[in-house]
1. Accessible area per residue of the chain at 1.4 Å probe, in Å²?
2. Please report the carbon-and-sulfur percent of the accessible area for the chain; probe 1.4 Å, protein heavy atoms only, DNA, RNA and ligands left out.
3. Take the alpha carbon gyration tensor of the chain, find the square roots of its eigenvalues, order them as a ≥ b ≥ c, and report rounded if a/c is under 1.5; if not, report prolate when a/b exceeds b/c, else oblate.
4. Using Cα-Cα distances under 8 Å and only pairs 6 or more residues apart, what relative contact order does the stretch 216-327 have, in percent?
5. Taking the Cα centre of the chain as origin, work out the dipole magnitude from +1 charges on Lys and Arg Cβ and -1 charges on Asp and Glu Cβ, in debye rounded to 20.
6. Can you compute the modelled spin-label distance between ILE172 and ASN103, with each label point 7 Å from Cα toward Cβ, in nm?
7. Can you give the accessible area of TYR325, probe radius 1.4 Å, in Å² rounded to 10?
8. Quote to one decimal, in nm, the extra length available between ARG227 and VAL58 on full extension: 0.36 nm per residue of separation minus the C-alpha distance between them.
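The values are calculated or read from the model by the stated rules, or taken from the named source; none is laboratory data. What you see is a predicted model, and the numbers here were worked out from it, not measured in a lab. Neighbour counts are summed over all protein chains in view; Cβ atoms, including those assigned to glycine, are modelled from backbone coordinates with ideal geometry. Calculation scope for accessible area: heavy atoms of the full protein, side chains included, ligands and nucleic acids excluded. Shrake-Rupley method; radii C 1.70, N 1.55, O 1.52, S 1.80 Å.
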Amino acid sequence: QVISGNFVKAIPFGVRGGIDFKYTGIVQRVNAKRIMSLLDQGDIVLLGHLGYSPSAHVFHCRSEEVAVKAAVELQAEKLVFFHNGESVVDVTRGRDGGAVVHNLSLNVAQRFSDKLMSELGETDGRVRHSDADPMSQWKRQFLDYILCSIKAVSNGVSRVHLVSRHIEGSLISELCTRDGMGIMVSYDLYDGVRNANIRDVQALINLMRPLEKQGILVTRPPEQIEREIERFFVFERDGDVLACFQMIHYEDDRYSNGAFEMSCVAVSPALQREGIGNALLSYCLRKALTQGVNNVFVLTTRSSHWFMDRGFEERPPEALPPKKYATYDHRRNPKVYFKSVEDSKHIDQEEIMWVRAQPKANSFSIN
């Protein structure tokens, strides 16, 4: 059944600048518990733009605000807006005026909205449509959707898609194909990951030593870490290095452009179950793609299921590139896992599942 009702609680917008907005309302909350109960029964819930107050008044609310509030309180993975089909273009990339951008991280979306707000002369965080210049009206409408997307993602929604309402089949194309055709705003899963430098050596040692003592990581002397520092990446927060990993490229004719090994992964106990492992893996896969490499492998003795949950497949040691296989420790006997990635869209789609597949153990590590 399709069911609607008074699921939205609203309060009056009130008097602003001497103008009484009467029955214009602000969404206060959505009855997520009741909605989830109906969805669990197999019903379809139809949310309208009307909000209700405990005093039985009915208010007109913005549909976009209802959608954002519902998505946040329902802990939705995706929120989809149909817009007029505007595009975002990166003028620093591509030819003929730039390249169309299909994915915006939260930080980039925020910078873009701030720039557009300034261009439109909006200084208080609100977008005004009345008496607006018709030539700028489409920018204001698009900015509205961007701001709603930022609000949703900032409050826990994994992805927000902006899809053109004028193209037949646009929703199916955006959600069910690799290339898509809309704009996706998402939390930057790997924000804070950067290349390591010589000043990070002691921090890397501090991260790895406890795992080396447990036999989880292969012991690496400080001299080796210094020598290979350009292969390391770290996750930094407030100036502290809290996680790291290493990427090493190997030539192998069996794999197009060879393969990257993701190794020496260590995450601080202070960040357990915060998804940092997902961030490091995502960054590694994307970094490999930028180098034209589609295959990444790991060797691990303790974290097999974590990688299997993220699409890695077990292979025999003989599948390793020759140079890596020559150093394989048969006494330690780590398991070998490979993963192939097609493009960044592939990673985008998988990240939603990664966020829900947090490791049950206190930590995870690989060679």
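1. Accessible surface, normalised per residue, equals 54 Å².
2. Numbers: 9880 of 19820 Å².
With neighbouring chains kept in place, the figure for the chain is 50 percent.
3. On the way: a/c = 2.23, a/b = 1.99, b/c = 1.12.
Taking the square roots of the gyration eigenvalues as a ≥ b ≥ c, the chain is prolate.
4. Values: 117 pairs, mean separation 25.2, N = 112.
Relative contact order here is 23 percent.
5. On the way: 45 positive and 46 negative charges, 168 e Å.
That gives the chain a dipole magnitude of about 800 debye.
6. The answer from the label model is 2.5 nm.
7. 80 Å²
8. On the way: separation 169, 0.36 × 169 = 60.84 nm, distance 6.83 nm.
Gain on extension, ARG227 to VAL58, equals 54.0 nm.
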